[in-house]
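**Q** Following this message is one structure expressed as structure tokens.
We did not get these values from a lab; they are worked out from the coordinates using the rules stated. Predicted, not measured: the structure shown is a model, and the values here were computed from it. Here the Cβ is made from the backbone with ideal geometry for all residues, glycine too, and neighbour counts use every protein chain on show.
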Amino acid sequence: MNALNPACLICHEKHLHYNFSLNKFRVEECPNCGLMRLNPQPTDEELADIYGKNYFLFSGNNETEQHTNTLKSLTADHYLNLLESYQGSKLTGRLLEIGCGQGDFLVRAAARGLHVTGVEYSTYSVEIAQKKLGDRGTVYCGEINQIIALNERFDIIVFADVLEHVRDPRIFLTQIHALLSKDGIVVIAVPTLDSFSARFMKSRWVEFKQEHLWYFSTSTLTRLLHSESFAEIKIKPAKKFLSFDYIAEHFEHYPVKMYTTITRLIKKILPHAIRRYPLHITASGVIAFAKRQEQQKSKKLSVLMAVYNEANSVKNAIETVLQKKITDIEIELIIIESNSTDGTRKIVREYEHHENIKIILQDKACGKGNAIRAGLQHISGDYVLIQDADSEYDIEDYDALIEPLTSGKAAFVLGARHGGKAWKMRQFQDQRLAGHFLNLGHWFFTTLVNIVYGLRLKDPFTMYKVFRSDCLRGIHFECNRFDFDYELLIKLVRNGYKPIEIPVNYRSRSFKQGKKVRIFRDPLTWFMAIVKFRFKKI
């Protein structure tokens, strides 16, 4: 058996904890990031026995093999549709599938005009895959080294249910990165620990198998891809086409007490046609898309500052951002000035020739959301942060807000004011009643958003929204006032980017001090945004 380095693959935590045993193998868990692994790993001989002729379900029966092929072909078409949506255009070029099994995905990809290549460990499966594919592509027997030796580059590399099998995922992804053409796309399907089935079944999860050497969550998978120079990472639940017969056969092949018995009983009752009906369901994992990125020594943060009638505070806000330094992060400040009436524009124009500032001058004030939307058209950074032109938020919190993005822990971060404690948000010394009213509204709308969108946030409407710029890919915004805060949050969440919250310092100003929220008009637009964007196609 192969013993592993004691440090965690993802976060390098030095002490992983024993969780439970899988036959003679230990399943360990990182207490920091949650990555799980088999340690020690099975030997090559043990894995070769597992990946024999009978590894694939329904092997040896023509009728059931055909049924499995149909399910896999339907799933392949679904994955290809998602890939086309991610790319934003018709699929073209060279595609490589690693661990291609019996070739069903390659056949469907070739049918769309892609030039396909596959590699598969099992000799038996390679023969079947090549027979299905004919002269439309080539399938090699072996591992990724077989492809590296060809010295070729691919526009798309797919590996479904493979990453959890490899000895060292970092080395594997480094090899994948080298095989991709410039801006090439990687497609990964992998079981995840945060799937419903994993959380429900716990140590009896069907994906806990001797050949699965690694167990990722969405977070650890994202961090791994990010650290290996992949960008524009998009992760979605991996829906597959499965039938009840297929699920039941899986529980026969990998027995799980109680579940195997139940599926046997149901199988005896259900008619054959129902048992074989393809169901489009989320199984145990996710599908991830990412683009190859050249390694960069430093990153850039685009700070968006919408400015309107802030003559008393805007100069201090600008200077504070310019003075802020973050290790290995370049900061560009994009100021959107909305034709103020108090002399703010004159102050802003003093910075027109500053090398780290872009200034957008609007003809009229159409709301903060409208200004931020205009600013988003000019960002050039890897990360985006929204900053107000007053002194309510502390710019020293930038470091804490950016760290989850630079480390790959998260793609979307919210700065939770006062730790997300609603009743401390607004404590207006000169307008206490108005402060209490707004805090009540904050509690109401936070609860509503959490219920409607399945979140557990404490301060979803904070101004400090920080995210990777590629999260905006394909999203169109339309809100003009403070309802934009809701729109941005909701659309990123619906696109799969659930935020983490970082506590930040906050000193709220009152209406007398210049707060611009309209206490009766704006809440109605917030409510409409929450309802509207729940159902509207993004």
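**Q** For a 32 Å ceiling on Cα separation, which of these pairs sit above it: Lys14/Lys209; Lys182/Lys209; Lys458/Lys532; Lys72/Lys291?
**A** With Cα atoms farther than 32 Å apart: Lys182/Lys209.
**Q** Which FRET efficiency, nearest 0.05, do Ile171 and Ile269 yield, Cβ-Cβ r, R0 51 Å?
**A** 0.60
**Q** Using the alpha-carbon centroid of each, what span in Å lies between region 202-232 and region 1-34?
**A** Region 202-232 and region 1-34 have Cα centres spaced 13 Å from each other.
**Q** Percent antiparallel among DSSP beta bridges with both residues in region 1-127, to the nearest 5?
**A** Rounded to the nearest five, the antiparallel share is 65 percent.
**Q** Out of all DSSP beta bridges in region 299-535, what portion is antiparallel? Express it as a percent rounded to 5.
**A** Approximately 25 percent, going by the DSSP bridge assignments.
**Q** Further question on the same structure: Within 11 Å, Cβ to Cβ, of Val348, how many net charges do the neighbouring residues add up to if Lys/Arg are +1 and Asp/Glu are -1? Could the numbers behind the result be given before it?
**A** On the way: positive: Lys315, Arg345, Lys346, Arg349; negative: Glu310, Glu337, Glu350, Glu352.
Neighbour charge sum, excluding Val348 itself: 0.
**Q** Still on this model: Once you sort the root eigenvalues of the Cα gyration tensor of region 299-535 as a ≥ b ≥ c, which label holds: rounded (a/c under 1.5), prolate (a/b larger than b/c) or oblate (the other case)?
**A** The shape class here is rounded.
**Q** Spelling out what I want: for every residue of region 218-226, take phi, set θ = phi - 60°, compute 6.51 cos²θ - 1.76 cosθ + 1.60 (Karplus), and round to whole Hz; glycine and proline get x.
**A** 4, 5, 5, 5, 4, 4, 5, 4, 4
**Q** Given H placed on each backbone N at 1.01 Å, which residues far from Gly381 in sequence or on other chains put an amide H within less than 5 Å of it?
**A** Residues meeting the criterion, in which the H sits 1.01 Å from N, are Ser302.
**Q** Restricting to the chain, compute how many DSSP beta bridges are antiparallel as a %, nearest 5.
**A** In the chain, DSSP labels about 45 percent of beta bridges as antiparallel.
**Q** With runs of 4+ DSSP H residues as the only contributors, calculate the mean residue ellipticity of the chain at 222 nm using -39,500 (n - 2.57) per run, divided by the residue total and rounded to the nearest 500. Intermediate results must be reported in sequence, preceding the final value.
**A** Numbers: 18 runs with 192 residues, N = 538.
Rounded to the nearest 500, it is -10500 deg cm²/dmol.
**Q** Also, I was wondering about something else. Can you tell me, using C-alpha contacts under 8 Å and at least 6 residues apart, the relative contact order of region 119-168 as a whole percent?
**A** 35 percent
**Q** Let me ask something else about it. Output the relative contact order of the chain, whole-number percent, from Cα pairs under 8 angstrom with separation of 6+ residues.
**A** 10 percent
**Q** Give me the net charge for the shell around Tyr398: Cβ to Cβ below 11 angstrom, other residues only, Lys and Arg +1, Asp and Glu -1.
**A** Once all neighbours under 11 Å are counted, the net charge is -3.
**Q** May I pose another question? Can you give the net charge of the other residues whose Cβ lies under 12 Å from the Cβ of Leu361, counting K and R as +1 and D and E as -1?
**A** With Lys, Arg at +1 and Asp, Glu at -1, the net is +2.
**Q** Using a 7 Å offset from Cα along Cα-Cβ at His115, what residues in region 159-190 end up with backbone N under 15 Å from the label point?
**A** Under 15 Å, as judged by backbone N against the label point of His115, lie 180-182 of region 159-190.
**Q** Here's another thing I want to ask about it. For region 454-467, what does the Karplus curve 6.51 cos²θ - 1.76 cosθ + 1.60, with θ = phi - 60°, yield as ³J(HN,Hα) per residue in whole Hz, taken in order and with x for Gly and Pro?
**A** For region 454-467, the Karplus-derived couplings read x, 10, 9, 8, 9, 9, x, 10, 4, 5, 6, 10, 10, 7 Hz, x marking Gly and Pro.
**Q** Same structure, new question: For the chain, which cysteines have no disulfide-compatible partner, meaning no other cysteine Cβ under 4.7 Å?
**A** Cys100, Cys141, Cys366, Cys471, Cys479 - these cysteines have no disulfide-compatible partner (Cβ-Cβ under 4.7 Å) in the chain.
**Q** Sequence gap at least 6, Cα distance under 8 Å: using those rules, report the relative contact order of region 27-175 to the nearest whole percent.
**A** 18 percent
**Q** Using a 10 Å cut-off on Cβ atoms, rank the peptides 99-106, 246-253, 229-236 from the highest mean neighbour count down.
**A** Top of the packing list down: 99-106, 229-236, 246-253.
**Q** I would also like to ask the following. Compute the distribution of all C-alpha to C-alpha distances in the chain, in bins of 20 Å from 0, and list the percent of pairs in each, rounded to whole numbers.
**A** Result, from short to long distances: 19, 47, 27, 6, 0 percent.
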